[in-house]
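Below: one structure, written as structure tokens.
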Amino acid sequence: MEYGAAGTLGQSAAGRIECQSVRKTYRDAAEGTEVLALDGLTLAIEPREFLTLLGPSGCGKSTLLNILAGFEKPDAGKVLLNGIPIERPGPDRGVVFQDYALFPWLNIQQNVEYGLREKGLAKSETHAIAQRFLAMVGLSGFERRFPHELSGGMRQRVALIRVLAIDPKILLMDEPFAAVDAQTRTILQEELQRLWMQTLKTVVFVTHSVDEAIYLADRVTVMTARPGVVKAIVPIELPRPRDSTSDGFNHYRRAITQLIEVESRKVFAAAAS
Amino acid sequence: MDARRASLNGREAISEKARRPLGQWRVALPHAPGRLAWYRMARRALLPVVLLALWQYASTAGIFDPSFVPSPMTVLRSWWEWIFGPRSELAWYSGTWLEYVWLSAWRVLVGFAVASGIGISVGVLIGWFELIKDMLDPIVQGLRPIPMTAWLPFATFIFGIRESAAIFLIAMGSFFPIVVSCTIGAEQTPKNLVRAALMLGTSPRMLLLRVVLPSALPYIFNGLRVGLGIAWVLVIVSEMLAVKGGIGYAMWTAYQFVRIDLIIAAMFTMGLLGLASDRMLLVLNRRLLRWNTGLRAR
């Protein structure tokens, strides 16, 4: 490909992530107490793997993602990307936020080009790359629109290609489809899977939907209630694209739902006491 | 048959409207085309026209004492003479309007430009860097409660009856709303936008330019509008008391010569100047903040 690393699909080596005994507490400002979010979490994510993090709300899955992104630092333990400690956010780890986090003052084209410009690419290059990615998710013709003029599903597509365009080693997605309606969600899941199969990036995907986790993942990581550690890792051995009404899918759905319900009950019990 | 069709059409029109998403209703209201636009213009003009007519009637019918309250026509005639009359030693005001408007506008422009330049940079820096906030915020918050008119004796004492006194006062007065607004704007920068920029490769040093400043723009413009209003207040005050020339100076002289017609003409002049400058800022606002329009209710 003629564009070099940025703007190409899956040209840069996919990343391997290692979390070793990661511990994280944070202050609950309202309660004035210290909350233990992660308690010695250990997890390895293989290159080109699609891993979903599933757990009851408040189990620390978003905290873990923020640590991987470099937005937050662990209190103890190590987080390594290809053997190098993660210390700050950077373009080798693309983050897709639940609330899109598109720059509202930039139009769609400029939003997609943002990371490419930061890499120092010439305007003609960034323009061509952005056009290509916009076409890939069916958003050609929306270049000059501003984010507020687009639907939630369209905004999330822009947020996704904004990071794919800079060709990161890892894709970190924090409940990216939680704010869109069910139909759009299904379409976005399919699109994400298609893009992932083309790029084969390492993806860490946080969700609280069992179906979404099974549909997308190579391995589903079920986390315990707070303080979060890994409760179970379930490899999904179903061919893609997956049929969520098939027997095989149902088998996984039943098993994982059982695992997660135990943890959800703990959250309720803790809240009630 | 025709009546039935009409009612059917009516029903279709209603259901068509009902099917429209909410957003289209919002857009349809303020931009109604054609006849409706004229209707709205007339609606807007109604009250001012009625008030002017009443004022004229009260003057000609002798309800107002003409030496005390001049009629609108008298005001208009004096205003005309103030604008277009020949320069003369005998009538101090004749033909001076344009020069005085220019003087006042120039003072506002310079004072406001200084205040905007310093106010925006200081405000955004205070809002973004904790160190700068700790160092500068006490001074800003400490000086802010002093009413601007209270600076007047100090300013004239330091600068004398000169341009610099007026410009100091105007800059000082419009600085505070600008700086406060910009501080809030920078403080309100959404955390996820900062994170997104860092993730996309923006260096921490560039965050201010790439994220904080654009994200604070709506607040900055609010501050500028308030500051501009205050600048016009202070140009009048300083021209009445501290400098020569300008609309405020004319107003004060008219007062001393007991020319209420000219006082009223000067008031209208100020109103028009304030309105025009505010509109200019609004046009700039719309161009720079097109991305922000979708967040408004109407």
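Each value in this text was obtained by applying a stated rule to the coordinates, not by laboratory testing. The shown structure was predicted, so the numbers you read here are calculated from the model rather than taken from an experiment. Note that each Cβ is placed from the backbone with ideal geometry, even for glycine, and that neighbours are counted across all protein chains shown.
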Counting Lys and Arg as +1 and Asp and Glu as -1, each charge on the Cβ, what is the dipole of segment A:131-273 about the Cα centre in debye, to the nearest 20? 300 debye
Which helices, counted as full DSSP H runs in chain B, have an axial Cα extent of no less than 15 Å and a Kyte-Doolittle average of -0.5 or above? B:35-60, B:72-84, B:97-128, B:130-143, B:163-187, B:213-241, B:260-288
When A:TYR26, B:TYR249, B:TYR39 are ranked with the fewest other C-beta atoms within 10 Å first, the list becomes B:TYR39, A:TYR26, B:TYR249
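Based on other C-beta atoms within 10 Å, arrange A:GLU263, A:GLU149 from fewest to most.
A:GLU149, A:GLU263
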Scan around B:GLY95 for amide H atoms under 5 Å from its own, H built in the peptide plane at 1.01 Å from N, and keep only partners 5 or more places away or cross-chain. B:TRP82, B:ILE83, B:PHE84, B:GLY85
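Suppose R0 equals 51 Å; then what is the FRET efficiency for B:LEU109 and A:ALA30 from their Cβ-Cβ distance, rounded to the nearest 0.05?
Result of the calculation: an efficiency of 0.60.
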How far, in degrees from 0 to 90, does helix A:182-199 lean away from the longest principal axis of the Cα atoms of chain A, to the nearest 10? 70 degrees
Rounded to the nearest 20 debye, dipole of the protein assembly as shown from Cβ charges on Lys, Arg, Asp, Glu: 1120 debye
Relative contact order [Cα under 8 Å, 6+ residues apart], chain B, whole percent: 20 percent
Charges on Cβ only, +1 for Lys and Arg, -1 for Asp and Glu, centred on the Cα centroid of segment A:231-273; of A:VAL234, A:PHE268, A:ILE256, which one is farthest towards the dipole's positive end? A:PHE268
In terms of the charge dipole of the protein assembly as shown, which places +1 on Lys and Arg and -1 on Asp and Glu at the beta carbon, the residue among A:VAL180, B:LEU46, B:PRO204 farthest towards the positive end is B:LEU46
Tail fraction, Cα-Cα pairs, the protein assembly as shown, threshold 47 Å, whole percent: 37 percent
Average the reciprocal distances over every distinct pair of alpha-carbons in segment A:93-167, invert the result, and give the Kirkwood radius in Å. 12.0 Å
Once amide hydrogens are built 1.01 Å from N within the peptide plane, the residues lying 5 or more places from A:ALA76 or on another chain with amide H under 5 Å from its amide H are A:ARG23
Reachable aspartates and glutamates, given that their alpha-carbon falls under 15 Å from the alpha-carbon of A:LYS73 and they are not under 8 places away in the same chain: A:GLU18, A:ASP39, A:GLU87
Counting only DSSP beta bridges with both residues in chain A, tell me the antiparallel percent, nearest 5. 55 percent
What's the local net charge at B:GLU130, with K and R +1, D and E -1, over the other residues with C-beta under 14 Å away? -2
Measure nothing fancy, just the Cα-based angle from helix A:123-136's long axis to the longest principal axis of chain A, in degrees from 0 to 90, nearest 10. 60 degrees
How would you classify segment A:53-122 from its alpha-carbon gyration tensor, with a ≥ b ≥ c the square roots of the eigenvalues: rounded for a/c under 1.5, else prolate if a/b is greater than b/c, otherwise oblate? oblate
So for chain B, using the alpha carbon gyration tensor with a ≥ b ≥ c as root eigenvalues (a/c under 1.5 gives rounded; past that, a/b versus b/c decides prolate or oblate), I'd call it oblate
Per-residue [θ]222 nm for chain B (sum of -39500 (n - 2.57) over DSSP H runs n ≥ 4, rounded to 500): -25000 deg cm²/dmol
Neighbouring partner chain Cβ atoms per residue of B:256-269, average, 10 Å criterion: 0
Show me B:268-277, B:108-117, A:215-224 ranked by packing, highest mean number of other Cβ atoms within 10 Å first. A:215-224, B:108-117, B:268-277
At what distance in angstrom do the alpha carbon centres of segment A:168-217 and segment B:66-96 lie from each other? 75 Å
Can you check how the C-alpha radius of gyration of chain A compares to 2.2 N^0.38 Å, as a plain ratio? 1.01
How shielded is B:198-208 by partner chains, expressed as the average number of their Cβ atoms within 10 Å of its Cβ atoms? 6
Using the crude model of +1 on Lys and Arg Cβ and -1 on Asp and Glu Cβ, and no other charge, please compute the dipole size for chain A relative to its Cα centre, in debye to 20. 220 debye
So in the protein assembly as shown, what percent of DSSP beta bridges are antiparallel if you round to the nearest 5? 55 percent
One-quarter of the Cα convex hull surface for segment A:183-273, in nm²? 6.7 nm²
Shielding by partners - mean other protein chain Cβ count within 10 Å, residues of A:97-106: 6
Expected unfolding gain across A:THR42-A:ALA255 under the 0.36 nm per residue rule, minus the alpha-carbon gap, is 74.5 nm
Positive-end extreme of charge dipole, the protein assembly as shown - chosen from B:ILE126, B:VAL114, A:SER246 (charges on Cβ): A:SER246
